[in-house]
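Scroll down for the structure; my scribbles are underneath it.
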Amino acid sequence: MAHRRRPLVTALALNTAALVVEVGSGLRASSLSLVMDGVHNLSDEAALGLLVFAYTLRTGLSGRLLRAANLFNSVGLLAISTVLVWQAFGRLSRPQAVLGLVPVVAGLTAAICN
């Protein structure tokens, strides 16, 4: 199982880079979509961290941890979706200007990391 750890660690590092770029740029540009995608990457961070940990354990424990990672990621995505819908309705009632170029560059950077 050690051969699966290296790609997961690389994915974790790239996901961390995408998270930092999206949240930082999203806060600076007042872009709700970038901030929420960054928060989504935070749930991916936790799931990837659990996967890396699972592949360091013996088989019986790692199987349970893999299922826990999948469950955690799914619950995290549901929670983030709920917050996103709530925030979107708030933005519809009080629109904010978004710096157009910042979300484009940050989104492209995150797409490359993904």
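Please find, in a Gaussian network model of the chain (springs between Cα atoms separated by less than 10 Å), the residue of Val23, Val85, Val35 whose mean-square fluctuation is greatest. So, out of Val23, Val85, Val35, the one fluctuating most is Val85. Of the whole protein surface, Leu12 contributes about 40 Å² of accessible area at a 1.4 Å probe radius.
Given axes a ≥ b ≥ c from the Cα gyration tensor, I'd like to know whether segment 60-114 is rounded (a/c under 1.5), prolate (a/b larger than b/c) or oblate. It is oblate, given that a/c is not under 1.5 and a/b is not larger than b/c. In a fully extended conformation the segment linking Val75 and Arg6 would gain 22.2 nm over its present Cα-Cα distance, using 0.36 nm per residue. So I have (1) 14.9, 49; (2) 14.5, 43; (3) 16.4, 52, and one of them is Rg and Dmax of the Cα atoms in Å calculated from this model. Which one is it? Derived directly from the coordinates: (3). Where in segment 1-29 is the amide nitrogen less than 11 Å from a point lying 7 Å along the Cα-to-Cβ axis of Leu57? Of the residues in segment 1-29, none has backbone N under 11 Å from the label point off Leu57.
The sum of -39500 (n - 2.57) across all DSSP H runs of n ≥ 4, divided by the residue count of the chain, sets its helix-only mean residue ellipticity at 222 nm to -30500 deg cm²/dmol. Rounded to the nearest whole Hz, the Karplus-based 3J(HN,Hα) values (6.51 cos²θ - 1.76 cosθ + 1.60, θ = phi - 60°) of segment 70-75 follow the sequence 5, 5, 4, 5, 5, 5, with x at glycine and proline. Note on Gln87 and Ala17: their simple-model spin labels are 2.4 nm apart, each label 7 Å out from Cα toward Cβ. Normalising the average separation of contacting C-alpha pairs (under 8 angstrom, six or more residues apart) by the number of residues puts the relative contact order of the chain at 37 percent. A Gaussian network model of the chain, with springs between Cα atoms under 10 Å, assigns the largest mean-square fluctuation among Gly63, Gly76, Gly90 to Gly90.
The values are calculated or read from the model by the stated rules, or taken from the named source; none is laboratory data. What you are looking at is a predicted structure, and each value in this text was computed from that prediction instead of being measured. Neighbour counts run over all protein chains shown; Cβ positions are idealised from the backbone, glycine included. Side chains included, ligands, DNA and RNA excluded: accessible areas come from the protein's heavy atoms. Shrake-Rupley method; radii C 1.70, N 1.55, O 1.52, S 1.80 Å.
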